[in-house]
Amino acid sequence: MKLPKVLRVRQNYAVGPRVDAQSILKAEMQKFANRIRHGDRIAVGVGSRGITNLPLIVETVLQELHRYGAKPFIIPAMGSHGGATAQGQRDVLATYGITESSMRVPILDSMEVTQVGISSDGIPAYCSTEAKAADGIILINRIKPHTDFFGTLGSGLTKMCVIGLGKRTGATAMHLAAMQFGHERVIRNLAKAVIQNAPVLGGIAIVENQFHDTAKIVAVPVDELEAVENELLVEAKSLMPRLPFEELDLLIVDQIGKNISGAGMDPNVINRSVHGYDSMPARGDRTSPFIRRIYIRDLTPETHGNAIGIGMADAVTSRLVASMDMQVTNINALTALTPQSSKIPIAFETDRAAIEQMLASLPISKLSDAKVARVLDTLSVAEMEISESLWNERSSDGQLIALTELREFGFDKDGNLASPSHNPIT
């Protein structure tokens, strides 16, 4: 088949000033200084997302807590991730360089929770028993639009109060209630119940830019949590990387994983839902980006076999399927009440076969004109490979900068694509 030619491009995003994460965080931590007494045991909640500078941020928070005379420890605050086991969650943290030896504090990884209250909706609120027994809790998380719902609340500190601190029990209770009352209402009301009855001091909110670099770090005392997080979500939305096209015939995604998005690949980027999607090739009145076919090549090492999000694709590689941890994936999907997100699409032995068959499944009169884009993952769309037709659409508006000349798809002797020319998330 005559596939379209491709070239590598970069989106012409404005680059903000470089952030000195450590210096800013040391100053921001002063907001907690008068809330911490000498000898206080402080639980520091760390989640499962791939956040730039995460080890540095966690270590700096711990150092400042030691400087205040506190006795900090780390708790995994990640709901059902890591297979909903203590060791699995400890392993997820280790992937990011968060270990007892590197951070020089204990990691208390018990999945045990305590019911700490009932929300105004009548839903039980849970908190990690280890965290509840502490003198204070400080959460660390990135603020970004949520993958399952839209509104004035996203993924961040409020959500971590409910799902992260609630472990699998709290996550399940929240998702069940959300099906009745809606995500934002349930999360906000459950968070209030947790904050009223557990020693939450606040959190460290992180905003990243389109290049997955740290754009802002803010320490947020618990009494300012709702107002500040609302403001930061507006900023995070404006900085979120997106695909700069109205329509695509085929999106090739090199990797998905929990470090990329809670949904494996971000529905805000691909415009598909974790609850299922319509694969009809006619666009109709559907919003952009309208992507007719999605092909996923692999899982990130950091996801530990969790392939949640695979169900949003039309095709995958057989090697991805072989690398799945079915139990971990299914536990996550069932806890989130999104069984569609763990369904396994048609699997191909080679990239060439997948790309050719996905394009052949569409009513394209001339395949060399197909609209194809290839990204590393949905967190890394500042640079991508695109087909000639997409370049011709956008080359004159200044949004895209060409990094290479047009060339043929680069398959090796086995029919697979070469590795991406930029590094995956660390």
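The values are calculated or read from the model by the stated rules, or taken from the named source; none is laboratory data. Please read all numbers here as calculations on a predicted model, not as lab measurements. Cβ coordinates were reconstructed from backbone atoms using ideal geometry, including for glycine residues, and neighbour counts include every protein chain displayed.
Specify which of the listed residues (Leu190, Leu201) is in contact with a Lys or Arg (Cβ under 7 Å, 6 or more places away or on another chain) and touching a residue at least 24 places away in the same chain (Cβ under 8 Å). Break it down into steps so the answer makes sense when it comes.
Working: Leu190 fails: in contact with a Lys or Arg (Cβ under 7 Å, 6 or more places away or on another chain).
Result: Leu201 is the single residue among Leu190, Leu201 that is in contact with a Lys or Arg (Cβ under 7 Å, 6 or more places away or on another chain) and touching a residue at least 24 places away in the same chain (Cβ under 8 Å).
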Any residue in region 273-281 that is under 18 Å from the mean Cα position of the chain (by Cα), of a type outside the set (S, T, N, Q) and surrounded by 17 or more Cβ atoms within 10 Å (Cβ to Cβ)? yes
Restricting to region 95-116, what's the tally of residues that are buried (at least 17 other Cβ atoms within 10 Å of the Cβ) and either at pLDDT below 95 or charged (D, E, K, R) (or both)? 3
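So that you can scan it fast, the table gives a plain yes or no per residue for (1) out of contact with any strand residue (DSSP E or B) (no Cβ under 9 Å at 6 or more places or on another chain); (2) buried (at least 19 other Cβ atoms within 10 Å of the Cβ); (3) closer than 17 Å to Ile51 by Cβ; (4) basic (Lys, Arg):
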{"site": "Gly182", "(1), (2), (3), (4)": "yes, no, no, no"}
{"site": "Gln196", "(1), (2), (3), (4)": "no, no, no, no"}
{"site": "Leu232", "(1), (2), (3), (4)": "no, yes, yes, no"}
{"site": "Ile252", "(1), (2), (3), (4)": "no, yes, no, no"}
{"site": "Asp266", "(1), (2), (3), (4)": "no, yes, yes, no"}
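If I ask for residues that are within 24 Å of Arg49 (Cβ to Cβ), among the polar types (S, T, N, Q) and touching a strand residue (DSSP E or B) at 6+ places or on another chain (Cβ under 7 Å), which ones from region 95-130 would you list?
Restricting attention to region 95-130, the residues satisfying the condition of being within 24 Å of Arg49 (Cβ to Cβ) are 95-113, 125-130.
Next cut, among the polar types (S, T, N, Q) only: 95, 99, 101-102, 110, 128-129.
Once the filter is applied, which keeps residues that are within 24 Å of Arg49 (Cβ to Cβ), among the polar types (S, T, N, Q) and touching a strand residue (DSSP E or B) at 6+ places or on another chain (Cβ under 7 Å), region 95-130 yields Ser128, Thr129.
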Would you point out the residue of region 10-45, among those that are in contact with a Gly (Cβ under 9 Å, 6 or more places away or on another chain) and among the aliphatic types (A, V, I, L, M), that is farthest from Asp377 (Cα to Cα)? Ile36
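With respect to Pro221, determine if the residue is surrounded by fewer than 24 Cβ atoms within 10 Å (Cβ to Cβ), at pLDDT 95 or above and assigned by TED's automatic domain parsing to the domain that holds Tyr126. Break it down into steps so the answer makes sense when it comes.
On the way: surrounded by fewer than 24 Cβ atoms within 10 Å (Cβ to Cβ): yes; at pLDDT 95 or above: yes; assigned by TED's automatic domain parsing to the domain that holds Tyr126: yes.
For Pro221, the condition - surrounded by fewer than 24 Cβ atoms within 10 Å (Cβ to Cβ), at pLDDT 95 or above and assigned by TED's automatic domain parsing to the domain that holds Tyr126 - is met.
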Would you list the strands (runs of 3 or more DSSP E) that sit entirely within region 68-143 and hold 1 or more residues that are under 23 Å from Ile260 (Cβ atoms)? 71-76, 136-142
Keeping to region 271-302, report how many residues are out of contact with any strand residue (DSSP E or B) (no Cβ under 6 Å at 6 or more places or on another chain) and within 29 Å of Gly88 (Cα to Cα). 10
Which numbered condition in (1) of a type outside the set (Gly, Ala, Ser); (2) surrounded by fewer than 21 Cβ atoms within 10 Å (Cβ to Cβ); (3) assigned to a helix (DSSP H, G or I) is the only one that Thr60 fails? (2)
Failed criterion for Arg374 (all others in (1) basic (Lys, Arg); (2) under 24 Å from the mean Cα position of the chain (by Cα); (3) farther than 19 Å from Ile270 by Cα hold): (3)
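Take the conditions under 29 Å from Ile195 (Cβ atoms) and modelled with pLDDT of 90 or more and apply them to Ile252. Does it pass? Please lay out each step first, then the result.
Details: under 29 Å from Ile195 (Cβ atoms): no; modelled with pLDDT of 90 or more: yes.
So Ile252 fails the test.
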Just checking, which of Glu385, Glu408, Glu393 is among the charged types (D, E, K, R) and at pLDDT 95 or above? Glu385
Give the number of residues within region 296-339 that are among the hydrophobic types (A, V, I, L, M, F, W, C), surrounded by fewer than 20 Cβ atoms within 10 Å (Cβ to Cβ) and within 20 Å of Arg352 (Cα to Cα). 2
Qualifying residues in region 373-404 (those that are of a type in the set (D, E, K, R) and part of a helix (DSSP H, G or I)) - the one surrounded by the fewest Cβ atoms within 10 Å (Cβ to Cβ): Arg394
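Do you know which residues across region 214-232 are within 20 Å of Gly16 (Cα to Cα) and out of contact with any Lys or Arg (no Cβ under 8 Å at 6 or more places or on another chain)?
Applying the first criterion (within 20 Å of Gly16 (Cα to Cα)) to region 214-232 yields 214-218, 231-232.
Thr214, Ala215, Lys216, Ile217, Val218, Glu231 - these are the residues of region 214-232 that are within 20 Å of Gly16 (Cα to Cα) and out of contact with any Lys or Arg (no Cβ under 8 Å at 6 or more places or on another chain).
In the set Glu408, Glu393, Glu388, Glu356, which member is more than 25 Å from Met280 (Cα to Cα) and not small (Gly, Ala, Ser)? Before the answer, list the steps.
Working: Glu393 fails: more than 25 Å from Met280 (Cα to Cα); Glu388 fails: more than 25 Å from Met280 (Cα to Cα); Glu356 fails: more than 25 Å from Met280 (Cα to Cα).
Result of the check over Glu408, Glu393, Glu388, Glu356: Glu408.
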Could you tell me how many of the residues in region 38-93 are farther than 16 Å from Ala171 by Cβ and of a type outside the set (A, V, I, L, M, F, W, C)? 21
Of the residues that make up region 270-284, is at least one in contact (Cβ under 8 Å) with a residue 24 or more places away in the chain, in a helix (DSSP H, G or I) and under 21 Å from Ser155 (Cα atoms)? yes
Filter region 40-52 down to the residues that are modelled with pLDDT of 95 or more and either within 24 Å of the chain's Cα centre (by Cα) or outside the structural domain of Lys167 (by TED's automatic domain parsing) (or both), then identify the one that is farthest from Asn259 (Cα to Cα). Ala43
